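Chemist: This is the structure, below, for whatever I ask next.
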Amino acid sequence: SSDLFLTLHYAVEPTIEKGNKEFIDWMGGCFEINWSVNPHWDANFKELPAHPISEGVKPFGTNDEWYFYMRFRKGMEGVTPILSDVAPDSTMSRPDGHHSGNPAVRESVKNKEKQHVAWACERADGGRGFGFTGGHWYGNWTDSPETPDAAKLRRVVINGILWSAGLPVPPEGAPVTLDPADQGQWLDTK
């Protein structure tokens, strides 16, 4: 099979009863309530793996609602972390809850463990999956002085889509040019 499965931001969170097992099978991991967390924080991706999704992507950082402490396959089997950083202590400022904390994630943050916020998965059947937890702020997708790394973020996602579909990722990465005049056309002004 060459099936692909990828999710962005809130779509990485199925219910435990419906979807959790399948997301882990298809995509290698997912957000799991009472395990994973969804704080806003400044992530800095200083190291990128040797993987087609990283083609043409330079280190970058941005503030986003980066979900982390995902529920991954046992031993990370078939899973390659793409974007990872150590979450700051401030990400644990909220009380324990479905999306905000628990003793296990608090210990992980305290121990300065890298948190994976985007990952690729190759399945035994030949299928591929990609998970990307960022994407909360519309502005992070658009080029502006306030978001100098927007093109790098877009390139990771577009490269992830190409790779998941089994299409070649150019050595310089996917083209990500946006016409500034077009950047606001999809924004719902309500």
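Chemist: Looking at the range 97-138 only, could you name the residues that are at pLDDT 95 or above, within 11 Å of the chain's Cα centre (by Cα) and not in a strand (DSSP E or B)?
Modeler: T133, G134
Chemist: Being free of Cβ contacts under 8 Å to residues at least 60 places away in the same chain, over 14 Å from the mean Cα position of the chain (by Cα) and more than 15 Å from G131 (Cβ to Cβ): is that true of K74 here? Don't jump to the end; show me each part of the working.
Modeler: Details: free of Cβ contacts under 8 Å to residues at least 60 places away in the same chain: yes; over 14 Å from the mean Cα position of the chain (by Cα): yes; more than 15 Å from G131 (Cβ to Cβ): yes.
So K74 passes the test.
Chemist: Somewhere in the range 64-78, is a residue closer than 22 Å to V169 by Cβ and open to solvent by less than 20 Å² (accessible area, probe 1.4 Å)?
Modeler: For the range 64-78, residues closer than 22 Å to V169 by Cβ and open to solvent by less than 20 Å² (accessible area, probe 1.4 Å): absent.
Chemist: Would you mind finding the one in D42, D64 that is more than 13 Å from Q115 (Cα to Cα) and of a type in the set (D, E)?
Modeler: When all the criteria are applied, what remains is D64.
Chemist: Here is a check on your reading of the model: is P14 free of Cβ contacts under 8 Å to residues at least 24 places away in the same chain and closer than 25 Å to N159 by Cα?
Modeler: yes
Chemist: Would you pick out the residues in the range 155-172 that are surrounded by 17 or more Cβ atoms within 10 Å (Cβ to Cβ) and touching a Leu at 6+ places or on another chain (Cβ under 8 Å)?
Modeler: V156, V157, G160, I161, S164, V169 - these are the residues of the range 155-172 that are surrounded by 17 or more Cβ atoms within 10 Å (Cβ to Cβ) and touching a Leu at 6+ places or on another chain (Cβ under 8 Å).
Chemist: For the range 145-152, indicate whether the set of residues that are over 12 Å from the mean Cα position of the chain (by Cα), among the polar types (S, T, N, Q), closer than 14 Å to F68 by Cβ and open to solvent by less than 70 Å² (accessible area, probe 1.4 Å) is non-empty.
Modeler: no
Here's the yes/no breakdown for (1) in contact with a Phe, Trp or Tyr (Cβ under 8 Å, 6 or more places away or on another chain); (2) free of Cβ contacts under 8 Å to residues at least 12 places away in the same chain:
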position: E122; (1), (2): no, no
position: G129; (1), (2): yes, no
position: T133; (1), (2): yes, no
position: Y138; (1), (2): no, no
position: T142; (1), (2): no, no
position: E146; (1), (2): no, yes
position: A151; (1), (2): no, no
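Chemist: What are the residues in the range 101-119 that are open to solvent by 20 Å² or more (accessible area, probe 1.4 Å) and under 20 Å from G134 (Cβ atoms), if any?
Modeler: Those that are open to solvent by 20 Å² or more (accessible area, probe 1.4 Å) and under 20 Å from G134 (Cβ atoms): E113, K114, H116.
For (1) in contact with a strand residue (DSSP E or B) (Cβ under 7 Å, 6 or more places away or on another chain); (2) under 16 Å from F132 (Cα atoms); (3) outside any loop (DSSP other than H, G, I, E, B), each residue gets a yes or a no:
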| residue | (1), (2), (3) |
| --- | --- |
| K21 | no, no, yes |
| W26 | yes, yes, yes |
| W35 | yes, no, no |
| N44 | yes, yes, yes |
| V57 | no, yes, no |
| N63 | yes, yes, yes |
| S90 | yes, no, yes |
| P95 | yes, no, no |
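The values are calculated or read from the model by the stated rules, or taken from the named source; none is laboratory data. What you see is a predicted model; the values in this text were computed from it and never measured. Backbone-built Cβ (ideal geometry, glycine too); neighbour counts: all protein chains shown. Please note that ligands, DNA and RNA were not included when accessible areas were found on the heavy atoms of the full protein model with its side chains. Shrake-Rupley method; radii C 1.70, N 1.55, O 1.52, S 1.80 Å.
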